[in-house]
């Protein structure tokens, strides 16, 4: 990945301003959280003898922003909202104390896969220049590490301390004191090469577990009872993760842990699941991503749907009493979207008594899906790569996809059946076909001898032959009538 030239700020007054996000639809409840990478960066700045002021503009309060072009050829229109504190708040914060010499508009996020609106950044920059006309105003953060090649053309000056410059510094939680949550980080980056993701383009590394537990203990002593982990792949090194769990269990800490970006399911062992069952867990994510062998190939995933089906079943059996909310993310909005695959994922998640979490595809340079569709993206600016603007979906289908996203967020089959009007005719046909065979599919996955692509192809072959001959048996949990629209509860419930 091409990165901006590294720089250093030393011995100055620096204001770090988090740039707010834009959304069109439902907002993640964790939107206002500051990323742990930002808190490490603030520690780094202070270590360079800077006086640092932190201004967090992010909040769950929504303001109407602008109507944006949407769809593959940008003829569709969607209204965007910005989730931000007011301009008056920013002006007041910048006016406190001595005028900062440097203002960094920080475009970092605790979670993928969202992007930033350039006009929001420009608006924040203009306010900063108006309040502090003598200050140097630059942009930075992981977003600009990704889009560094486009910065100059868009009129932005980028600050970058260099890749990994802040990794050695502990997160500075003093700038978010009084908050109701803590953060912790076990790993950074990813060793996979999925078609849509930029995490695999960075250098993977892990953080010292003993040091992590030290700052968690300090926060717990200050009253924090919830800790969130947003690692792109917390299972980057399975032994390292298991060591953290062992140390945490021995530490005496009594808090709720959230793992919200998910466990790579083919690396999550039954032994680790049993240990997770001894923790108090809030949100735990197990990604599904692809539902068929063909979609798995196209997305470049290192695991098939067999892996999350087996892992979620094991979690239900061994650890479900420790978990408040088990979520299963997946992405839609590819040019190669297969509605059979999408509904296979969705119905399997519901059958396993978990909550589906669909995301629209955001596009980033240096990813395979971006390169493969470069011709379709000509003429789009960075802001129009936002997933909720559906950059690779035909314009006429954008309204259908917005309704599909709403449908796929429904977490019960009974309510899904009450909302079939959200689906187009093509989608509805795929949903009904998958509903007919889903019980057999999940059972075949649970009984599969391996989790490989070849094994999934064998399952698909058997599924096709069974369906064509009318021999798909109903799973044992459904015979004689079942609860909640035909899906049985998890084992041990």
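No lab work stands behind these numbers, since they all come straight from the coordinates. Just so it is clear, the structure is predicted and the values come from calculations on it, not from any experiment. Cβ: placed from backbone, ideal geometry, glycine included. Neighbour counts: every protein chain shown.
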Stretch gain in nm, segment residue 297-residue 242, where the contour uses 0.36 nm per residue and the Cα spacing is subtracted: 16.8 nm
Bins of 10 Å, starting at 0 and running to the largest distance - Cα pair percent for the range 356-431: 17, 43, 27, 12, 1
Calculated log₁₀ intensity ratio I(q)/I(0) where the Debye formula runs over C-alpha points of the range 233-329, q = 0.10, 0.15, 0.21 Å⁻¹: -0.26, -0.57, -1.06
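Determine the relative contact order of the range 1-161: mean sequence separation of Cα pairs under 8 Å and six or more apart, normalised by residue count, in whole percent.
32 percent.
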Antiparallel %, DSSP beta bridges [both residues in the range 1-161], to 5: 40
Between helix 339-351 and the chain: long-axis angle, C-alpha atoms, 0 to 90°, nearest 10: 90
Pairs of Cα atoms farther than 37 Å apart, the chain, %: 30
Projected label distance in nm at residue 280 and residue 336, using a 7 Å step from Cα toward the beta-carbon: 4.5
Value of relative contact order over the range 352-474, rounded to a whole percent, pairs C-alpha under 8 Å and six or more apart: 21
Taking 203, 190 and counting other C-beta atoms within 10 Å, the order from fewest to most: 203, 190
Residue 214-residue 95 pseudo-label distance in nm [points 7 Å out on the Cα-to-Cβ vector]: 4.2
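Assuming 0.36 nm per residue, please report the length gained on full extension of the stretch residue 87 to residue 366 beyond their Cα-Cα distance.
Going from the current span to full extension adds 97.0 nm.
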Cα long-axis angle, helix 306-318 against the chain (0 to 90 degrees, to the nearest 10): 90
Extended-chain gain in nm, criterion 0.36 nm per residue less alpha-carbon gap, residue 381 and residue 415: 8.4 nm
Rounded to 5, the percent of DSSP beta bridges in the chain classed as antiparallel: 25
Value at 222 nm in deg cm²/dmol, rounded to 500, when DSSP H runs of n ≥ 4 in the chain each add -39,500 (n - 2.57): -10500 deg cm²/dmol
Percent RCO, i.e. relative contact order, over the chain, from Cα pairs under 8 Å lying at least 6 residues apart: 15
Degrees, to the nearest 10: 425-446 long Cα axis against longest axis of the chain: 80
Taking 465, 320, 336 and counting other C-beta atoms within 10 Å, the order from fewest to most: 465, 336, 320
C-alpha center-to-center spacing [the range 56-94, the range 169-189] in angstrom: 26
Residue exposure sequence - 48, 328 - by fewest surrounding Cβ within 10 Å: 48, 328
Principal semi-axes in Å for the range 290-372 [√(5λ), Cα gyration tensor, largest first]: 26, 13, 12
By average C-beta atoms within 10 angstrom, highest first, the peptides 416-426, 249-259, 12-22: 12-22, 249-259, 416-426
For the range 1-161, alpha-carbon Rg relative to the globular expectation (2.2 N^0.38 Å, N residues): 1.04
